[in-house]
Amino acid sequence: MPKELKYYVYIHRDPGSNQVDLYVGMGQGDRAYRIGNESYSDRHPDHQSKLKELLCKGWLPHEWIIFDSFWDTRQEAFEREYQLIKELRPVFNRKYGPKKKLNDNDVKIVKDLFQKGWTRTAIGKHFNCSINTITRIVTNKRGIY
């Protein structure tokens, strides 16, 4: 990754089909390569299992990770990530997975938990929604939760 560009947007794509987009994410450093483990992971358990399955089948991370773009700011990367998620509708981005739609009461609870010091990751796991959704709620960005 070029040193002058701090953030990137990446895609996890099933290398066996090269058609199935598994996940779109934004990151820094080695984020795109992180799989997680049983004690801690900020990845959805099904996503984590799929990445481990790919490893067991002999696929290497560079065969399933596609770097889409590089950005100077987190906001620019976030906007591209959001655009790509809407366009590709990847399997493991939770907006398109099995989750309930957050109602007005849920939104109030999310804001309250954030005020009490919960991390966005913990709140996302609690409601089974993405960190991006939690970020939009706590920063009062418009959108469908």
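Search region 42-68 for residues that are not assigned by TED's automatic domain parsing to the domain that holds T121 and part of a loop (DSSP other than H, G, I, E, B) and pair each with any residue that is surrounded by fewer than 17 Cβ atoms within 10 Å (Cβ to Cβ) and among the small types (G, A, S) when their beta-carbon atoms are under 8 Å apart and the residues are at least 6 apart or on different chains.
Going by the 8 Å Cβ cut-off, the qualifying pairs are D42/G36; R43/G36; H44/G97; K57/G16; W59/G16.
Table: residues versus (1) farther than 26 Å from Q48 by Cβ; (2) more than 15 Å from the chain's Cα centre (by Cα).
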position: D104; (1), (2): yes, yes
position: V107; (1), (2): yes, yes
position: F114; (1), (2): no, yes
position: T121; (1), (2): no, no
position: G124; (1), (2): no, no
position: C129; (1), (2): no, no
position: T133; (1), (2): no, no
position: I137; (1), (2): no, yes
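Which one is nearest to I35 (Cα to Cα), of the residues in region 57-74 that are at pLDDT 90 or above and within 15 Å of the chain's Cα centre (by Cα)?
Checking each candidate, the answer is I65.
Each row is one residue, and each column tells you yes or no for (1) surrounded by 12 or more Cβ atoms within 10 Å (Cβ to Cβ); (2) modelled with pLDDT under 90; (3) within 25 Å of T135 (Cα to Cα); (4) in contact with a strand residue (DSSP E or B) (Cβ under 6 Å, 6 or more places away or on another chain).
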position: V20; (1), (2), (3), (4): yes, yes, no, no
position: D42; (1), (2), (3), (4): yes, yes, yes, no
position: Q48; (1), (2), (3), (4): yes, yes, yes, no
position: K52; (1), (2), (3), (4): yes, no, no, no
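What's the total number of residues in region 107-130 that are loosely packed, with under 15 Cβ neighbours inside 10 Å and assigned to a loop (DSSP other than H, G, I, E, B)?
Matching residues across region 107-130 total 4.
Looking at region 90-106, which of the residues that are surrounded by 15 or more Cβ atoms within 10 Å (Cβ to Cβ) and assigned to a helix (DSSP H, G or I) is modelled with the lowest pLDDT?
Across region 90-106, the extreme among qualifying residues is K95.
The values are calculated or read from the model by the stated rules, or taken from the named source; none is laboratory data. In this text the structure is predicted, and so the values were computed from the model without any measurement. A quick note on method: Cβ atoms are made from the backbone with ideal geometry, for glycine too, and the neighbour counts reach across all protein chains shown.
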